[in-house]
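First the structure, in the form of structure tokens, and then the observations on it.
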Amino acid sequence: MKLDRLKIFFEEYIEGTPEKAAVSDQKMLLCRLTMAVAHGIEIQDSIRGVYITSRCLKHIFDKRPAEEFLFIINHLHEIVRYPDRIYLNKEAKRGYFCFIKRINDVGYLCSLEIIKIPPAVCGEVVAGISEFGEEKEREEIQVATVFRLRDENYIKNYTLLWDWGNGNPHRSALDTP
């Protein structure tokens, strides 16, 4: 189960580290977006996997109160895989999408970013063609941050892209200039 894997990931790379300490640069697959969510925000099937890095988890651990962090680590999979609504993030903010999920009548926001991964062979960035053929840049979705929404007005002026209620893109996402 992803929940247990995230706790193990936390215990292995984050737990017991001093505040703001550097951590090993690791990542793990948190979950895959559902087809409804991926289709709703026009994510290709090839990049539906959502990853979390040790650096991101360390940031959340350092910045959030213990009770909030423990809740997040126990429910992050649910927030990402089954969001209630998805908004387009503001340009000045980190991440491209804001996934919103209400759990126990409390809202949580998870910001997801699409990262471009350069071509690599055996861990080294290569240019052109290697003995394995030409590598191409690829994209992957990563958690940028997650937190409890203390003020529901925080997302008031964000563009709603998708709503779980009907599983379709929101009409504001269809408005193109």
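Each value in this text was obtained by applying a stated rule to the coordinates, not by laboratory testing. Just so we're clear, the structure is a prediction, and the values are computed from it rather than from any experiment. Here Cβ is always computed from backbone atoms with ideal geometry, including for glycine, and neighbour counts include all displayed protein chains.
Sorted from fewest to most neighbouring beta carbons within 10 Å, what does the list S54, S46 look like?
Lowest count first: S46, S54.
Just how many % of Cα pairs in the stretch 2-151 lie over 22 Å apart, if you round to the nearest whole percent?
Summing the P(r) tail past 22 Å for the stretch 2-151 gives 44 percent.
Using R₀ = 25 Å, calculate the FRET efficiency as 1/(1 + (r/R₀)^6) where r is the Cβ-Cβ separation of K90 and V23; round to 0.05.
Computed FRET efficiency for K90 and V23: 0.35.
Express the relative contact order of the stretch 2-151 as a whole percentage, based on alpha carbon pairs under 8 Å and six or more residues apart in sequence.
Once divided by the residue count of the stretch 2-151, the mean separation gives 22 percent.
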